[in-house]
Amino acid sequence: MVLLRSVGLLALLVSVQCLSREQLFDYGNRSGDQILDSGTDSVRELALEQTLFFFKGKFDKVYVGTNGFISLAEPIDESEYLGKMPASFGMIAAFLGDLDTTDGAGHVYFRQDKSPDVLQRAAEHIGQAFPSDDGIEPTHAIIVTWENVAPQSEQGRVNEYEFTRNTFQLVVANMESASYAILLYPEESMQFGSTVINDEDQLVEVGFNEGRVAGWFSWASTQGAYYRITQDSEESISALAQDTNSGRPGVWVYEIGTSPFFTSITPGVVTEVSEVSEVTEVTEVTTEQTMVDTPVPEPSVPWIRQPSEPLNETSSPEPFAESSTPDEPQYRYVNPRPKTPQQQPQNPQVLIIDEDELNVDVFSYNYETCSSNKHKCSVFADCRDYAAGYCCHCKPGYYGNGKDCVAEGKPQRMNGKVNGRVYVGDSPSPVEFSNNDLHSYAVTNDGRAYIAISSIPSSVGPSLQPLAALGETIGWAFALEQPDFQNGFSIIGGVFTRQAEVVFQPGNERLTIRQEFVGIDEHDHLLISTELDGRIPEVPQGATVQIEPYTEIYQYSSNLITSSSRRDYTVSMPDGSARTHSYVWTQSIKFQSCPHEEVLSAAPASQQLSVDQIFVMYDSSNQLIRFAMSNKIGSIHSGIPEQNPCFTGRHGCDTNAVCRPARGKEFSCECAAGFTGDGRVCYDVDECSESPQICGPYSICNNQPGSFRCECLDGFQFAGDGRTCVETERPVDHCQRGTHDCDAPERARCIYTRDSSYVCSCLPGFSGDGRICQDIDDCQPGRCHSDAICYNTQGSFTCQCRSGFHGDGFSCTPGSDGELTACERHREAAQASSSSSGGYFFFRPRPAVGQYVPSCDAYGAYEPLQCHASIGQCWCVDSSGQEVLGSRTEPGSRPMCIDHNVAPPLIGPTPRSDISPLTPGANLLFAQSGKIDHIPLDGNRMIKDESKTVLHVPGKVVIAVAFDCVEQMIYWSDITQPSISRVKLQGGETSVLITKDLGSPEGIAIDHISRNMYWTDSILDRIEVSRLDGSQRRVIFDSDLINPRPIVADPASGYLYWSDWSRDGPKIERSGLDGSDRTVLVQEGLGLPNALTFDPQSRQLCWADAGTRKVECVDPFSRFRRKLIEGIQYPFAIVSYGRNLYYTDWRREAVVAMDRHDGMEVEEFLPQRRSRTYGITVTYPQCPAGMNYCSRDNGGCSHLCLPRPGGFTCRCPDARDGSCVEQDENF
């Protein structure tokens, strides 16, 4: 007996750390898994994307079963193989038994996966099990997860394991000529090892069954091999979670098939587990404790039932973990850690000793290795492992810190923005910098650097000339290196922070410069962000600045570089006088070096930057400040300067070449990597043409000077390694997929929200939580006429006038009008059927769908709108009661149907009281083939669950959509039978405005102030105008147009904008609304500018281009152009509202919202019925403020009043009459 006392104590723990549930491969809804139907013997076929090798066979499909297996042929009934193995069909038995998922708690998930993370992890498991095998590179995986499955109990038998559940996983990894099975058994999730088969407890089986195979003669077959992992013993079952053949308890790996030759199933060879000591701090002990040596108990196996052991009802296992749902986090893989030997107890003995007597070197397992982190290095770098981690090193011919590497001799470009505020002289107001562009170019083989900053106003531009320091860090980073010295980029790469303090003499003005260098982007440009804050002395307009050559010493230490100096500069005044001034300069550069190697060891602790040939200039006409300088990095000691041209920079090599010094003044020129030539002249190498497969599958290659760029195809994105393109993961719509748990569709509706989530709601006529919905007795007093009988139906009710009365049940009048109409006969027959079958509804746990009863009007005719309340759907019918094809809507929305007595060519909204109006406020309207839908807007957010169809136009293709805010009218164009039509937003008859002399009207613009309509025609190649009712048509342009499509009006300013997506010469143009002053705004860098919108608040014209896959904006007046986003798919139309741009996308079949300030995508709406989305516009509750010269009395014009900037024009329609007068008015 030993007596111990301690205040700060440690405990040494030695134990076996078996596999945990969290360390399974990711699974569940968010991983894109399919879910097997609930049941006791469910099976689902899975067609494979890659061949699976099993024994001697090759298979392109498998079958996933509830009973813990996947088979290579369609399985027979479970009674033919459970307890009767080997089976007649091929099978991988992960945990074969009579399993059950009918209670909804258990699930079987399965999927195919080609993502790099999954394949890499599978390769790691296989490599650990077969350490001598090389070339383990899986290209395809099948992942099947049995989660919380229960043992099936026999009928009439007490379920002794009511709360026992097992979770286990099978991963099949396929390569080009071999397949492997990985079996994973988390110990805490394995709670039973036998199931009841034929009223007897039988142990589960794990193994590989070949099934029946062809014999020597074609008419005969024999039973193939059966490789069994478990035996008829409980110990072999418990060993699944505690033992291993891969070096990790609970993980088992087997080679299950090879091609072209196969010998046998091969198990992994690593059966030993390394021991790990862990030091754990124990709670403070303040009293004396006695510790007695006791024998270590043998590990128990709680999940194997002992036959002779009575069931203890009070000590049942803990309830199973809840199943994964869309709202819960999915299981995440954690890197495996070394485990202790399996023979150690599960509850280890704890030995408490004094802290002072303990001296233990704690082993820390390191995960920072190249095998899992090499993708973080530059593509031009090698990864090296060190004792404490890894480091990246640029390959020969490149320089940098390994994370960023650039080719020796290749010029380097830099881009960035300048922000902040600077006070000039004694001015009380600062000059603001807001995203001013900074561009720089460094010629690395001679040390020259050029810097330019744009949009610098003249109030500050001249005074910035002394600050060549703005670009000094760029010069230092790419300075010409003297022998045995290194420039900044060679040492620390392209990610660092630089802060400089400038104090001017004699006025003591102070300026802070902060710059963030954030690395090299995909275009090989180094990105810089600059912040300025402080005051600088004023340099008068027209004065020039000269800066004398200077030197500066840089001091290097771990993760920090500092320097300081004094600079003199001379200001030459316009009158010829000159003054010399100075400033004191201090700076610090902070960076993160590789922590596992002393990266500065090769660089001297102090180096001197020499700067000469300094040139500064402020270009007032272009508002540019320019700096240029020549930079060398070398020794701080004076000595004989190097004379070799490679070190002086006077070598004559191409700017894309590196100078290689030789003896004396001899040297050679060598083209930089990515270029070819003799060094004096170098040409770019087109890697994309020379190596077409250089970018790998699902990607395209774009050549760049000295390099190339890989881009993923549509629907793919870069994986975690930044190089491999994998299929884009999207949230799972369980409502569309049918994997929700809402009640039947005739009683409930599943509503997809976002991020794989959904809500359930009962349909009208039912009550409940959406998962269970009960019928409501709708026959409440007052529902029907007093002389009518109410019949309750599932989810609805019907009314029928009593005998001797006539009507629709809501209105009954005495007497009869004679023979019933077709609608009334239909209704009576349906009511009779409904009432006759309604007597046993009460006794059904899930009643049948209610009877559809047609609606008749007061005259006995079919109502144009018919609804079936039980299923929540509505549709339009013709006068004979036949459904109008394409008019049926989803639950929760109603179509707009026309009265049978009116026969316009389109189906539009009708002035019926049961048509719900649009949501008050702003709404998005967008076209989808034969209909126009709307989405209410709450600020900048789309209220997706309130979207519905506004207008049905069956058989038509709606292209353009526009809105008149004055009369609240929707305008649209159809290209099947070319026409332009309109309808009131809140209902009414549709009006066809124009049908003649149209080819393909694809864009509509409304001038709500002048009451005119403009449209483009891409077949007739012209732009026309008319009054809003379609009268007084006039061609505005019919020349120099090939494929005009989008068109927008700015009525308040009098401008008209449109784009022409001609593949030979795409362009965006502008004119006055009267057609005057036509000009091309944008022509460079366009592909297929399909979509166009004008934002009156920001005065920005924005477009989406399906060719360049970009969204860009331009100020029509300054012509300043900016890119918002690139990499979109196939935009068709766009509209601006608030801070967002909303565009329709053909390929995504969606409406996408993006922030027009930062270009970030913020929201996506996927219509319930997926098809191409076309035109889009915004409805306003009231018109935006504004007026023009035609807004009052039509400008005094007899016919068309067409505004323009500063005036208007009276124009006659092309079909002239004698009363029309044309005139121009200027103001």
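The values are calculated or read from the model by the stated rules, or taken from the named source; none is laboratory data. Note that the coordinates shown come from a computational prediction; the quantities given were computed from them, not determined experimentally. We place every Cβ from the backbone using ideal geometry, glycine too, and count neighbours over all the protein chains shown. Side chains are part of the model used for accessible areas, which takes the heavy atoms of the whole protein and leaves out ligands, DNA and RNA. Shrake-Rupley method; radii C 1.70, N 1.55, O 1.52, S 1.80 Å.
A few remarks follow.
- Relative packing of 1020-1026, 529-535, 441-447, which averages over residues the other C-beta atoms within 10 Å, highest first: 441-447, 1020-1026, 529-535
- Cross-link pairs beyond the 28 Å C-alpha cut-off, checked among K114/K376; K376/K590; K58/K84; K984/K1110: K984/K1110
- Accessible-area rank, largest first, for R510, R888, R1070: R510, R888, R1070, with all protein chains present and a 1.4 angstrom probe.
- Positive minus negative residues near G677 (Lys, Arg vs Asp, Glu; Cβ under 11 Å): -3
- Rg/Rh, computed from the Cα trace of the range 958-1180 with Rh as the Kirkwood radius, has the value 0.93.
- Solvent-accessible surface ranking, highest first, for E234, E552 at 1.4 angstrom: E234, E552
- Reducing the range 1147-1193 and the range 868-890 to their Cα centroids gives an inter-centroid distance of 30 Å.
- Radius 12 Å from Cβ of R535, net charge of other residues (Lys, Arg +1; Asp, Glu -1): -2
- Residues of type aspartates and glutamates that K417 reaches as a straight line, Cα spacing below 16 Å, ignoring anything fewer than 8 places off in the same chain: E432, D437, E516, D521, E531, D533, D1158
- Positive minus negative residues near S221 (Lys, Arg vs Asp, Glu; Cβ under 13 Å): 0
- For peptides 103-113, 512-522, sequence by mean Cβ density within 10 Å, most packed first: 103-113, 512-522
- Per-peptide packing, taken as the mean over residues of other Cβ atoms within 10 Å, places 1169-1181, 925-937, 1072-1084 in the sequence 925-937, 1169-1181, 1072-1084 from highest down.
- Note on surface exposure: E255, E147, E45 rank E45, E255, E147 by accessible area, highest first, 1.4 Å probe.
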